[in-house]
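Q: Pasting a structure below so you can have a look.
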Amino acid sequence: MLKVLNHPLISIKLTNMRDKNADHSVFRRNLNEIASLMVYEILRNYQTKPKNIVTPLDKKYEGTTIDKSIVFVPILRAGLGMLDGLLELVPEARVGHIGMYRDEQSFKAKEYYYKMPDVKKDSYVFVVDPMLATGGSAVDAITRLKNNGFNNVHLICLVGVKEGVENIEKHFGKDFEIYLAALDSKLNENKYIEPGLGDAGDRIFGTK
Ligand code: PRP
Ligand code: URA
């Protein structure tokens, strides 16, 4: 199930990022800020459970906490560009990592690293990557997590296209939760998103 998170602040910050004149510091700051805004919206409808605490006035108080562990799993490298923004709002979350790059000829994802924290398999696991282009990287990352027993996996991307969304739905069903800040119009012949924002990893880290 695709949810495009529409909010004026997200649109303004995404415009800043799309601008080819934005340098890596502007790009990175806006990306993290959008990640915070997105996770705020995403967790709005998630379950909580009671948490008992004592206030400084020695009064018992039944507060609230999220009902399961949360794990953010950035796909390296570009997913790292959203991590600080996510952890800013959810500091108790754990972090897994999946290292993957898209081969420039075949456009297929190649995995080079995988590490998940030791948490229950029904934890909320959010795969994080700014770009959902062909969807190959996300499909492989989600498949890896599912094969490892995780059964509550979701996807947070910044910009996606229909082709990528359909690829996820083909593999994991229409109910699989995909969160985007924007659905762009198409992929070009090099499988880059248009209008897009270029190579997310390069723009975050100032590489070429
Ligand atoms: C980018 C992006 C995604 C992938 C999207 O990573 O961050 O992981 O491409 O493309 P897809 O949907 O067609 O798989 P890239 O392979 O450029 O690696 P990087 O993050 O290390 O720059
Ligand atoms: N990866 C990127 O970084 N950008 C795109 O537009 C597509 C894949």
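Read-outs throughout are calculated quantities, based only on the coordinates presented, and are distinct from any laboratory measurement. None of these values were measured; they are calculated from a predicted model.
Q: Using modelled amide H (1.01 Å from N, peptide plane; none on Pro or chain starts), what sits under 5 Å from the amide H of Gly79, excluding residues fewer than 5 places away?
A: Under 5 Å from the amide H of Gly79 lies no amide H from a residue far enough along the sequence or on another chain.
Q: What do you get for Rg/Rh of region 53-126 when both radii come from the Cα atoms and Rh is the Kirkwood radius?
A: 1.19
Q: May I ask you to derive the relative contact order of region 64-147, considering only C-alpha pairs under 8 Å and at least 6 residues apart, and to give it as an integer percent?
A: The normalised contact order for region 64-147 reaches 35 percent.
Q: Can I ask one more? For a 30 Å ceiling on Cα separation, which of these pairs sit above it: Lys120/Lys208; Lys13/Lys208; Lys3/Lys68?
A: Lys120/Lys208
Q: May I ask for the percentage of alpha-carbon pairs in region 6-68 that lie more than 17 Å from each other?
A: 58
Q: Using every pair of alpha-carbon atoms in region 102-208, split the distances into 5 Å bins beginning at 0 and state the percent of pairs per bin, rounded to integers.
A: That works out to 2, 11, 22, 24, 20, 12, 6, 2, 0, in percent per bin.
Q: Then there is this: Of Thr55, Thr134, Thr65, which is the most mobile in a GNM of the chain whose springs link Cα atoms less than 10 angstrom apart?
A: With Cα springs under 10 Å in the chain, the top fluctuation among Thr55, Thr134, Thr65 is at Thr55.
Q: Further, regarding this structure: Whole angstrom only: what separates the Cα centroid of region 31-72 from the Cα centroid of region 4-20?
A: Cα centroid to Cα centroid, the span is 26 Å.
Q: In terms of modelled amide H atoms, which long-range or inter-chain residues lie less than 5 Å from the amide H of His154?
A: Placed amide hydrogens put Val125, Phe126, Val127 under 5 Å from His154.
Q: Something else about it: Report the Cα-based extents of region 161-208 along its three principal axes, largest first, to the nearest Å.
A: The Cα atoms of region 161-208 stretch 36, 22, 17 Å along the principal axes, largest first.
Q: Taking Rh as the Kirkwood radius, which is the inverse of the mean 1/r over Cα pairs, what is the Rg/Rh value for the chain?
A: Answer for the chain: 0.99.
Q: Follow-up question, since we're still on this one. List the relative contact order of the chain as a percent without decimals, with contacts defined as Cα pairs under 8 Å and 6+ residues apart.
A: After rounding, I find 23 percent.
Q: Go through Lys110/Lys174; Lys121/Lys146; Lys49/Lys174; Lys162/Lys186 and tell me which ones have a Cα-Cα distance over 19 Å in this structure.
A: Lys110/Lys174; Lys49/Lys174
Q: Enter the Cα centre distance for the pair region 137-154 and region 110-129, rounded to the nearest angstrom.
A: The distance from the Cα centre of region 137-154 to that of region 110-129 comes to 7 Å.
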